[in-house]
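*Asks:* Got a structure for you, written out below as structure tokens; questions coming shortly.
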Amino acid sequence: MTLGADLPLTIVICSNRPDSLPAAVTRTAAAMGPRDRLLVIADMPARHLPTLPTGASSPPSRIRVICNEGNQGLAHSRNKAMKEATTQHVVFLDDDIVPTAEALTRIREALTAGAHVTGTRITAHLQGRRRPWFLTSGQLHYLGSHAPAQPASIWGGSFAIDVEHARLLGVGFDERLGRIGGSLISAEDTTFVREMTARGATATILHDAEVQHLIPAHRLTLSYLLRRAFWQGRSEARRNDARRGIAKEWHRNRSGNGARPVRAALALPYTASVLLGVCREAVTRSRTSAADAETRSDR
């Protein structure tokens with residue numbers, strides 16, 4: 001028997017996109033083990049919730065849906081999932097991930113072997129579209145996908161945690177981070193992993209276990225990618241890691257495939273967008289602090 005083959009998992013899909021949920025449930029149910037449960041955290045009012053598919057692989061008894069009754073954000077949804085999960089181990093999958101039974105088996109093995117947090121490689125699936133010239137492997141992280149020639153890292157699109165150990169360490173998802181509304185704020189996942197490992201948790205990266213990330217056409221535009229880079233800068237500043245974040249993004253944007261002059265040229269606008277995001281976050285924080293100080297002085 002495979003190590004951890006009978007380990008039950010709560011597989012969580014956090015989504016604020018009604019149109020994406022039915023297909024996400026279908027894909028995930030097809031990969032689930034017999035003892036797994038599917039928990040959907042719908043970051044939307046119940047009236048916006050679509051009809052979700054059920055069948056032999058995903059009977060209603062194995063699916064639970066919780067609505068936030070408004071857009072509370074991805075980090076809020078992840079924290080709620082940790083509280084509501086009925087198993088010790090939780091797997092988070094984005095609503096545009098294509099999981100496989102093999103990837104979930106590898107996750108079970110890692111958790112059974114003692115990992116407190118583990119994640120798979122995430123590969124961009126462009127759905128038959130050609131990769132545009134302004135998107136090298138150095139910008140794939142803006143699409144939540146790993147560069148094929150680079151080592152993977154643990155990202156929120158496909159990762160698992162030992163909820164009990166996270167609770168023991170007092171680690172949760174920072175609700176200042178993570179997608180909310182129309183923003184592209186991120187880093188709630190990597191910040192969580194960073195805090196877990198800083199407090200002694202064991203992390204295992206499954207470099208050769210892969211899931212696919214479905215990339216829609218509108219994300220393969222320069223305007224989207226620059227906007228995503230801008231919000232990356234805001235995210236780095238919000239978690240007080242701006243200096244290192246800018247250097248990291250400069251290196252990433254220069255390290256893609258393709259001719260060196262093209263990579264260097266692309267690194268400039270992308271990293272400039274990151275820097276602009278850092279500055280915008282600093283201005284916003286300064287204004288908020290000034291407003292708070294004025295409010296206190298009026299009391």
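Read-outs throughout are calculated quantities, based only on the coordinates presented, and are distinct from any laboratory measurement. Note that the coordinates shown come from a computational prediction; the quantities given were computed from them, not determined experimentally. Neighbour counts are summed over all protein chains in view; Cβ atoms, including those assigned to glycine, are modelled from backbone coordinates with ideal geometry.
*Asks:* Give me the net charge of Ser183's neighbourhood, meaning all other residues with Cβ under 14 Å from the Cβ of Ser183; Lys, Arg count +1, Asp, Glu -1.
*Replies:* It works out to a net charge of +3.
*Asks:* Pop the C-beta distance of Asn257 and Val65 into the FRET formula with R0 = 51 Å and round what comes out to the nearest 0.05.
*Replies:* 0.80
*Asks:* HN-Hα J couplings of region 66-71 from phi, Karplus 6.51/-1.76/1.60, θ = phi - 60°, integer Hz, Gly and Pro as x?
*Replies:* 10, 9, 7, 6, x, 7
*Asks:* Treating only the Cβ of Lys, Arg, Asp and Glu as charged (+1, +1, -1, -1), what charge dipole size does region 221-299 show about its Cα centre? Round to the nearest 20 debye.
*Replies:* The calculation lands at about 300 debye.
*Asks:* Out of the GluC sites (Glu not before Pro) in region 58-131, which ones are loop residues according to DSSP with at most 14 other C-beta atoms within 10 Å?
*Replies:* Here the GluC sites (Glu not before Pro) that fit, given the DSSP loop and packing criteria, are Glu69.
*Asks:* Across every pair of different alpha-carbon atoms, what Kirkwood hydrodynamic radius in Å does the chain reach?
*Replies:* 20.1
*Asks:* Mind listing which trypsin sites (Lys or Arg not before Pro) in region 4-95 are in a DSSP loop and have 13 or fewer other Cβ atoms within 10 Å?
*Replies:* Arg35
*Asks:* Taking the Cα centre of region 10-217 as origin and charging only Cβ (+1 Lys, Arg; -1 Asp, Glu), how large is the dipole, in debye to the nearest 20?
*Replies:* 200
*Asks:* Please compute, over every Cα-Cα pair in region 217-270, the percentage with a separation greater than 15 angstrom. Walk me through the intermediate numbers first.
*Replies:* Numbers: 751 of 1431 pairs.
Above the 15 Å cut-off, region 217-270 has 52 percent of its Cα pairs.
*Asks:* Just in region 78-134: which chymotrypsin sites (Phe, Trp or Tyr not before Pro) are loop by DSSP and have at most 15 other Cβ atoms within 10 Å?
*Replies:* In loop regions of region 78-134 (DSSP not H, G, I, E or B), the sparsely surrounded chymotrypsin sites (Phe, Trp or Tyr not before Pro) are Trp133.
*Asks:* Here's another thing I want to ask about it. Roughly what % antiparallel, to the nearest 5, for the DSSP beta bridges in the chain?
*Replies:* The answer is about 30 percent antiparallel.
*Asks:* What net charge do the residues around Ser255 carry, taking every other residue with its C-beta under 11 Å from that of Ser255, with Lys and Arg at +1 and Asp and Glu at -1?
*Replies:* Residues near Ser255 contribute +4 overall.
*Asks:* With Cβ to Cβ distances under 9 Å as the rule, what net charge do the other residues near His213 carry (K, R +1; D, E -1)?
*Replies:* Within the 9 Å Cβ shell, the charges total -2.
*Asks:* Hey, another quick one. How high is the relative contact order of region 15-116, in percent, counting Cα pairs under 8 Å that sit 6 or more residues apart?
*Replies:* 35
*Asks:* I would also like to ask the following. Let me understand region 89-206 better: what is its radius of gyration from the alpha carbons, and its Dmax, in angstrom?
*Replies:* Cα only, region 89-206: 14.9, 47 Å (Rg, Dmax).
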